[in-house]
Each structure stands twice: as structure tokens, then as C-alpha cells.
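Okay, structure first, notes after.
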Amino acid sequence: MEENFEALKKYNFWDNNYPELGFPRDLYTNKIYESTGNRLIKVLVGQRRVGKSYILRQIIYRLIEGGVNNRNIIYINKEFADFDFIKDYKDLDMLIKVYREELNPEGKVWLFIDEIQNVEGWEHLINSYSQDFVDSYEVFISGSNSKMLSGELATLLSGRYIEFQIFPFSFNEYIGITKKENSKQSYINYMESGGLPELFMLPNEETKRNYISAVKDTVLLRDIIQRHNIKDAKLLEDIFVYLVNNASNLVSITNIVNYFKGKGRNTTYDTVSNYIGYLEDSFIIHRVERYDIRGKEILSGNNKYYINDLSFKNYLYQGFGYGVGYKLENLIYLELRRSGYEVYVGTFRDREIDFVAKKEDRVVYIQSSYILTDEQTIQREYSPLESVEDNYEKFVVSLDDIAFPSNKGIRHIQAWNFSNIIQ
């Protein structure tokens, strides 16, 4: 185990060694840093390659800047081949004990473990460390599957963790890393690219396309096919393609089954339902339920699905019809989730409202429209909001060059300014 400790050195901040930190993501690091100083396990979840590792390293750097001894912090990333020797929680426990013997840290140890779902039995060890009253630990972990804190584990760690879901770059982060101005053209460029952080280090479109394809393949293979022993990998990918190209549309599982049967593919409702569930668990797709505004209840049946990043559409499946308006709606959904809202598709009588978003006591109704080109379009987008007679905030978000005045209490927001409104 001592020889493996040598490999650990290059990934940690000891002896003034500072690994790459990446673009500062203050939206997340502020929230996480403010939650420190207690025994709660900090859990970062999100799709692979959205930047969880960089955020963990940024938190480490911030702790050191705040006075924590760098030798009291240990960082392990199970994505790196150097840590392949860690098969289960016993190997992990042994490595941490070797770290303590080698560095002899005094006081609290700050333990960071990336992609921890790759360590068999990890939950019991992490629970033990977080509750250790002899040697004090504060624990930070990340994972790429939403079920890592479900079922038995949720019971085991009940009330002992706080979760942070990490998304790809927001538009504000995009203009920050690209140094572009906050404008309509910048927003369109963002919409036609994507927000996965590593995209911005790649030199050309072909390299970006290959990278996005590799990310997709890794998510499907490692987080779904291998994890769930999927028999029909081609069907899984075809369902993903279907959802990408029907993002922002109401669809049902029955419709999807019938679509594939129409293509001569024999499948079942349960298979399609399970495969979609696995895609959701890996964070690559998000399901949004319908909400009856009048009855204040969730409706069964059709749902909408949104892509975790538009790069999957832009670089992999461009040949399918998919308008700018649908991409805008997808980005609005992601921005709402990034800002901490619960998001639903609203229904009111026979009308649909694109989003009903809730965060604490705030409720917001939102219609998304590409461009408000004429009176008919304006009436179509504003009318559903006008029909809702409560006093919650109502917005229409579009890509229009000019901002229109408020209309019957409904505010018009240009898409590139939307994030500042809903924070």
C-alpha cells in the first residue's frame, strides 16, 4: 500500500503542489463552502464530465486559503487509473490509514473522494468516518448516479448529508470563460455549442464532436449498461436519441413503444420505462412532470424530457429537425434547476404553461418563445399566463432584440438576462 501512497501525492495539495483548478464555479463553491464546519457529508452528484472534480479541488483550495493545513486534506479520484487498486471500502480504509501514518495530520482531516460509487461498500465506511468521534473527519464525495443515495443508503445516512447537484456551465459561466459580452449573439453561440467544461479546451469542431460522443458512450456504458447488465445496448442508445430529438415535447412511454414497434423493433412498456429511468439516474436526461395549477396536483401520463446539455444535440444528432425555440426551452429548464427550483410543466384548464418553478416560497410561471414576431404570437404566449389568476410572478422569455414592456403584470425577459431574474 505504501507504493500506492506515492501515486496519491501528485493529486493532492501537499508540499505546495497545486493541481489544476479550472474555471472558478462560485455558484457551487460558495454554497458548498458555506455548508462546511460540521459532520454532514457533502455529496456532489451530476452527469460525468460536468466538472464535479474541479469543484472539489476548488473547495480544497478555498479551505487552504482559509487557513486549513494542506496536509490535513486528502483527495482521491476513482476515475484515475492510479487508484484502480482501490476495489472496495477495505482498500480505501487502508489507504487513508497509510496517509495518516505518513503525514500525521493534527486535528480534523478533510476527506474528498471523487466518483465514490466505484468503491464497493463505500457507504458503510463513509458513514463510519463522518461519525468518528475519535479521529475527526469532514467528508466530501461525488458520484454520477442519482440512486447512490437512495434506498438502504438513504436510511443509513438519514439526516447526515447535504446534496448538491452539479450541472454543465451556465450562460454566465460561458461568457466568463470565453470572455464574450452578455448579448443575444453570445447566447445563441452558447445555445449552438454546449456547457460541458472540457469543450472550452478543445481546438475545433471535429475534436468537440468526438469528445461529446465519447462522453455519451461512457455514460451509457459505465453508468448504465455495465451497472444494470443491459441486454439491448442499441435500444438504450436509440431511446436516448429519441428523447434528445423530442426534448421539450410532451411524450409518453406508450408513444415511444409504438414508435419503435412502427420501426420493426420489438420492445415492451417495462423495458422502455426502465431504460428511461436509467438515463435519468445518470443525469443525462431529465424528466419533468405535469402540474395541475388549479388542482395543485401532479398529473400522470405524458411528461417532458430535457437534455442535460445541448452539446448532445448540437454535435451528435444535428440531422433531425429541432428548432431554436426548443433549445431555448431546454436552456431555461436547466437554468431553473441550476438555480435550485423544482420544475413542472403547468396545465390550467386546456392550456399549457411551459414551466411552473418553485423554490421555497417563490413560485414563477414561465413561457418560452423563440421570437415574439407578431400579435398572434404574443397572444399565444401571453394568453396562458393571463388565464392564471393568482399573484405569482409571470415571465415570457424570448430571443427578441428589444425588451417589451410589462403586459397585464407579465414581464418580458430577454433570454441572456434570464438567470439574473430568477436567482
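For the range 175-211, the list of GluC sites (Glu not before Pro) that fall in a loop by DSSP and count at most 10 other C-beta atoms within 10 angstrom reads 181. For residue 359 and residue 202, the difference between the fully extended length at 0.36 nm per residue and the C-alpha to C-alpha distance is 52.9 nm.
In the frame of its principal axes, the range 139-265 has Cα extents of 48, 45, 28 Å, reported largest first. Considering only 210, 159, 189, the residue lying farthest towards the positive end of the dipole of the range 120-217 is 189, judged by Cα position with unit charges set on Cβ.
How big is D for the range 117-178, in µm² s⁻¹ as a whole number, if Stokes-Einstein is applied with the Kirkwood radius of its Cα pairs at 10 °C and 1.306 mPa s? The Stokes-Einstein estimate is 114 µm²/s. For the range 39-88, the Kirkwood hydrodynamic radius from C-alpha pairs, put into Stokes-Einstein at 20 °C and a viscosity of 1.002 mPa s, yields a diffusion coefficient of 168 µm² per second. Eigen-decomposition of the gyration tensor built on the alpha-carbon atoms of the range 268-423 gives equivalent ellipsoid semi-axes of 26, 20, 15 angstrom, largest listed first.
Taken along its three principal axes, the alpha carbon spread of the range 329-407 comes to 35, 27, 21 Å, from the longest extent down to the shortest.
Kirkwood hydrodynamic radius (Cα pairs, Å) of the range 1-150? If you can, show how the numbers build up before the last one.
Working: mean 1/r = 0.0644 Å⁻¹.
Taking the inverse mean of 1/r over all distinct Cα pairs, the range 1-150 comes out at 15.5 Å.
Solvent exposure of the chain, expressed per residue, is 44 Å² of accessible area, with all protein chains present and a 1.4 angstrom probe. Loop-located trypsin sites (Lys or Arg not before Pro) in the range 250-291 (DSSP state not H, G, I, E or B) with no more than 11 neighbouring Cβ atoms inside 10 Å: 263. The modelled label-to-label distance for the pair residue 9/residue 289, using points 7 Å beyond Cα in the direction of Cβ, is 5.3 nm. The chymotrypsin sites (Phe, Trp or Tyr not before Pro) of the range 340-410 meeting both criteria, a DSSP state outside H, G, I, E and B (loop) and at most 15 other C-beta atoms within 10 angstrom of the site's C-beta, are 392. Cross-link partners for residue 216 among the lysines, with Cα-Cα distance under 23 Å and sequence neighbours closer than 8 places in the same chain left out: 52, 78, 147, 208, 231, 234, 304, 313, 327.
Let me check something: with ligands and nucleic acids excluded, how do 201, 191 order by accessible area (1.4 Å probe), largest to smallest?
Details: 201 115, 191 0 Å².
So, going from the largest accessible area down, we get 201, 191.
In whole percents, the pair-distance distribution calculated for the chain from its alpha-carbon pairs, binned every 20 Å from zero, is 24, 54, 21, 1. Rounded, prolate or oblate: pick one for the range 266-342, where a ≥ b ≥ c are the square roots of the eigenvalues of its C-alpha gyration tensor, a/c under 1.5 means rounded, and failing that, prolate if a/b is larger than b/c, else oblate. Judged from the Cα gyration tensor, the range 266-342 comes out oblate (a/c at least 1.5, b/c at or above a/b). When shorter helices are ignored and each DSSP H run of at least 4 residues is given -39500 (n - 2.57), the per-residue value for the chain at 222 nm works out to -11500 deg cm²/dmol.
Would you work out what percent of the accessible area of the chain, with all protein chains in place, is carbon or sulfur (probe 1.4 Å)?
Working: 8290 of 18800 Å².
It is 44 percent, rounded to a whole number.
Rolling a 1.4 Å probe over the protein heavy atoms leaves residue 124 with an accessible area of roughly 90 Å². When all protein chains stay in place and ligands, DNA and RNA are ignored, the 1.4 Å accessible-area order of 39, 100, 57, largest first, is 39, 100, 57. Measuring between their Cα centroids, the range 100-122 and the range 176-208 lie 35 Å from each other.
Just to make sure I understand: if all protein chains stay in place, what is the order of 94, 148 by accessible area at 1.4 Å, largest first? Working shown, then result.
Working: 94 100, 148 15 Å².
The residues order as 94, 148, largest area first.
A simple charge model with +1 on the Cβ of Lys and Arg, -1 on the Cβ of Asp and Glu and nothing else charged puts the dipole of the range 247-384 at about 300 debye relative to its Cα centre. For the range 176-237, the normalised intensity computed at q = 0.20, 0.23, 0.25, 0.27 Å⁻¹ comes to -0.83, -0.95, -1.03, -1.11 (log10 of I(q)/I(0), Debye sum over alpha carbons, equal scatterers, no solvent). Relative to one another, the C-alpha centroids of the range 219-240 and the range 64-99 are positioned 30 Å apart.
Taken over the alpha carbons of the range 371-423 as equal point scatterers, the Debye sum produces base-10 log I(q)/I(0) values at 0.14, 0.19, 0.23, 0.30 Å⁻¹ of -0.35, -0.64, -0.92, -1.33.
The values are calculated or read from the model by the stated rules, or taken from the named source; none is laboratory data. Quick caveat, the model's predicted, so the values are computed rather than measured. Neighbour counts are summed over all protein chains in view; Cβ atoms, including those assigned to glycine, are modelled from backbone coordinates with ideal geometry. Side chains are part of the model used for accessible areas, which takes the heavy atoms of the whole protein and leaves out ligands, DNA and RNA. Shrake-Rupley method; radii C 1.70, N 1.55, O 1.52, S 1.80 Å.
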